[in-house]
1. Report, by chain and number, residues whose modeled amide H sits under 5 Å from the one on residue 19, excluding near sequence neighbours (fewer than 5 apart, same chain).
2. Which peptide among 90-101, 17-28, 70-81 comes first, and what is the full order, when sorted by highest mean count of other Cβ atoms within 10 Å?
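Laboratory data are not the source of any read-out in this text; all were calculated from the coordinates shown. Model, not experiment: these values are computed from the prediction. Positions of Cβ are backbone-derived with ideal geometry, glycine not excepted, and every protein chain shown enters the neighbour counts.
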Amino acid sequence: ESKLRKKQRDAVQSDIIKVGEIEINKSTQSIRIKGQQDADRVELTPIEFKILLMFAKTPGKVFSRDEILNHVWGENIHVYTRSVDTHVSKLRKKITPFSNYIQSVHGSGYRFYVEKNDPLIGTDIGLASNLY
C-alpha cells in the first residue's frame, strides 16, 4: 500500500510544472498564479494551454509560428499563422503580471523566458525537475 501511495503521489506531481509563481497542471489543463487576487486558478482554452505548456517545457527556445501551429493544431490543418498571435495575446492577458515571460522575437516567433533573478519569482524557477 505504501508503494502504491508513493506511485500515485509521484504521478500527481509529474502532472504539475512549476515555473516561478505559475503552476501548470496538465491533468486539469489549468494554471494557478500565486499572489493573484480573486481566484488564483486561471482557466485557459485548450489551445492557450497547449501553447503555454509547449513554452514552459522548453524555456528560452524560440518557436516559429509554423512550429506552434504544427504542435498545437497538427500538421495537416490549415490555419493562418497570424492566429497564433491572437492566441498568444489572449494568453498573455490571462497570466498577468507574468505576461512578459512570453516574449516576441522579431521575425522569428515567440519564446518563454524567465530570468532567474526576477523579483517576482525569486531565485528558484523550478524548471529542471518536473518538465516531462
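1. 24
2. 17-28, 90-101, 70-81
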